Protein chains: 2
Amino acid sequence: MANLKQINRITTGGKGLPKSLRRHAVRPTPQRLAILRELAARKIHPDAETIYEQVRQRLPAISLDTVYRNLRLLEARGLIMRVTTVRERARYDADLSPHSHFICSKCSRVLDVPVSALRPIPAEADAFGTVASVHVEFRGLCHQCRTVADGQQGQ
Amino acid sequence: MANLKQINRITTGGKGLPKSLRRHAVRPTPQRLAILRELAARKIHPDAETIYEQVRQRLPAISLDTVYRNLRLLEARGLIMRVTTVRERARYDADLSPHSHFICSKCSRVLDVPVSALRPIPAEADAFGTVASVHVEFRGLCHQCRTVADGQQGQ
DNA sequence: CTTAAAACAGGAATAATTACTATTGTAAAC
DNA sequence: GTTTACAATAGTAATTATTCCTGTTTTAAG
Ligand SMILES: [Mn+2]
Ligand SMILES: [Mn+2]
Ligand SMILES: [Zn+2]
Ligand SMILES: [Zn+2]
């Protein structure tokens, strides 16, 4: 981290973002701002590595870990969102009938949700390409974990 | 792999699955059958490790790689399905407005799908727990990749 | 200016999954 | 019933995305 003044001059463009960050009790560091700006400017929904490569052009000393750390923090504070689902172990199902799943964020059990709870999703998404599959996934606290305050680790 | 005859006697229970596998041009090996049976018998939507631990009790010599390899093959052949989404790098979005995404399986670009294409999902899923979030994700070939036969790696 | 807490860079560690290789099982041809 | 070619497996190494750790720098507050 060398020459912070200079870095600040480069990266601190508009004043909107810094204020927004302060409101969420997040310090507007140059690295953080650069990451957030990169995400806000482009609509490519980039991953950590892609953001890293871009931000590096302005802040050559930034580390990949800083990108990951900030993405995590910004997501937790509700300032950005994840496009993909939570990255956890792959789980499988032998039941091929059309249905969806409710995944408990506490005990990580997976419950079947019948299609009746879904309603068919219109073919309007075909505007973007040939839809091969639609994945619907509910997350939350299962009944068992809600009532029993102390969540056990089921599965 | 020792004493195959014995293993076969143990694991080859019903005759339905072996035939089903043959129909899909998949050889009904004892390991494969055990994995498939484990998945079909329980409705817990297990991950590879969990299946491994269970199958190991009957086939102590089975390797974890065999479980992974077969889950991959069975999914590819359409005999089982994945509960969770494809395991790839996490991607982020600064646009917090409610919308969904279309992910191209060829160029891996992510396109925004407006809510108009979704229809609200009924609160019927509350039957399973307190729904905190709903994730809808479309997969397929984007227009660009469909027309241009030779897919480029966009993003 | 001093000081405590937050954030950072760089590199090591972790965890899930896949790749590699020598060996074994299978099915079909002879 | 042998032979033979190919598929599948076990065991282990490698890969990949992400997180953790440690010493240092930056920030904010007194
Ligand atoms: Mn299911
Ligand atoms: Mn989006
Ligand atoms: Zn639960
Ligand atoms: Zn595409």
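Scanning the range A:108-131 turns up no residue that is more than 7 Å from chain B (Cβ to nearest Cβ), assigned to a strand (DSSP E or B), under 23 Å from residue B:104 (Cα atoms) and away from DNA strand C (no atom under 16 Å from the Cβ). When residue B:54 is tested against (1) under 21 Å from residue A:87 (Cα atoms); (2) in contact with an Asp or Glu (Cβ under 8 Å, 6 or more places away or on another chain); (3) modelled with pLDDT of 95 or more, exactly one condition is not met: (1).
Condition check ((1) under 24 Å from residue A:146 (Cα atoms); (2) modelled with pLDDT under 95) across all residues:
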{"residue": "A:20", "(1), (2)": "no, yes"}
{"residue": "A:34", "(1), (2)": "no, no"}
{"residue": "A:38", "(1), (2)": "no, no"}
{"residue": "A:44", "(1), (2)": "no, no"}
{"residue": "A:50", "(1), (2)": "no, no"}
{"residue": "A:77", "(1), (2)": "yes, yes"}
{"residue": "A:81", "(1), (2)": "no, no"}
{"residue": "A:89", "(1), (2)": "yes, no"}
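Within the range B:135-155, the residues that satisfy the criterion of being over 16 Å from residue B:91 (Cα atoms), modelled with pLDDT of 90 or more and facing another protein chain (nearest Cβ under 7 Å) are B:140, B:141, B:142, B:143. Of all residues in the range A:90-104, those being in a loop (DSSP other than H, G, I, E, B) and more than 16 Å from DNA strand C (Cβ to nearest atom) number 5.
Take residue B:50 and tell me if it is of a type in the set (Val, Ile, Thr), in a loop (DSSP other than H, G, I, E, B) and facing another protein chain (nearest Cβ under 10 Å). The answer is no for residue B:50.
Report whether or not residue B:22 is assigned by TED's automatic domain parsing to the domain that holds residue B:68, surrounded by fewer than 18 Cβ atoms within 10 Å (Cβ to Cβ) and part of a helix (DSSP H, G or I). Yes.
Only a single criterion out of (1) open to solvent by 20 Å² or more (accessible area, probe 1.4 Å); (2) near DNA strand D (Cβ under 10 Å from one of its atoms); (3) under 17 Å from the mean Cα position of the chain (by Cα) is not satisfied by residue A:28, namely (3). Of all the numbered requirements in (1) under 20 Å from residue A:95 (Cα atoms); (2) open to solvent by 20 Å² or more (accessible area, probe 1.4 Å); (3) within 10 Å of another protein chain (Cβ to nearest Cβ), residue B:71 misses one, and that requirement is (2).
I'd like the residue in the range A:39-63 that is over 20 Å from residue B:96 (Cβ atoms) and among the small types (Gly, Ala, Ser) and, out of all such residues, is most open to solvent (accessible area, probe 1.4 Å). Only one residue fits best here, namely A:61.
Considering every residue within the range A:85-94, establish whether at least one is over 29 Å from residue B:17 (Cβ atoms) and either buried (at least 16 other Cβ atoms within 10 Å of the Cβ) or more than 7 Å from chain B (Cβ to nearest Cβ) (or both).
From the range A:85-94, those over 29 Å from residue B:17 (Cβ atoms) are A:85-87; that's our starting set.
Add one more test, that the residue is either buried (at least 16 other Cβ atoms within 10 Å of the Cβ) or more than 7 Å from chain B (Cβ to nearest Cβ) (or both), and what stays is A:85-86.
Within the range A:85-94, one or more residues are over 29 Å from residue B:17 (Cβ atoms) and either buried (at least 16 other Cβ atoms within 10 Å of the Cβ) or more than 7 Å from chain B (Cβ to nearest Cβ) (or both).
Test residue A:118 against the criterion of being away from ligand 2 (no atom under 16 Å from the Cβ), open to solvent by 20 Å² or more (accessible area, probe 1.4 Å) and either of a type in the set (Asp, Glu) or modelled with pLDDT of 90 or more (or both), and give yes or no.
Working: away from ligand 2 (no atom under 16 Å from the Cβ): yes; open to solvent by 20 Å² or more (accessible area, probe 1.4 Å): yes; either of a type in the set (Asp, Glu) or modelled with pLDDT of 90 or more (or both): no.
Against the criterion (away from ligand 2 (no atom under 16 Å from the Cβ), open to solvent by 20 Å² or more (accessible area, probe 1.4 Å) and either of a type in the set (Asp, Glu) or modelled with pLDDT of 90 or more (or both)), residue A:118 does not qualify.
Taking the criterion of being modelled with pLDDT under 95, crowded, with 18+ Cβ neighbours inside 10 Å and in a helix (DSSP H, G or I), would at least one residue in the range A:1-16 satisfy it? Yes, that holds for at least one residue.
Among the residues of the range A:96-107, those identified as in contact (Cβ under 8 Å) with a residue 12 or more places away in the chain and either at the interface with another protein chain (Cβ under 7 Å from one of its Cβ atoms) or over 18 Å from residue B:82 (Cβ atoms) (or both) are A:101, A:102, A:104, A:105, A:106, A:107.
The values are calculated or read from the model by the stated rules, or taken from the named source; none is laboratory data. All figures in this text were calculated on a predicted structure; none of them were measured in a lab. Cβ: placed from backbone, ideal geometry, glycine included. Neighbour counts: every protein chain shown. Calculation scope for accessible area: heavy atoms of the full protein, side chains included, ligands and nucleic acids excluded. Shrake-Rupley method; radii C 1.70, N 1.55, O 1.52, S 1.80 Å.
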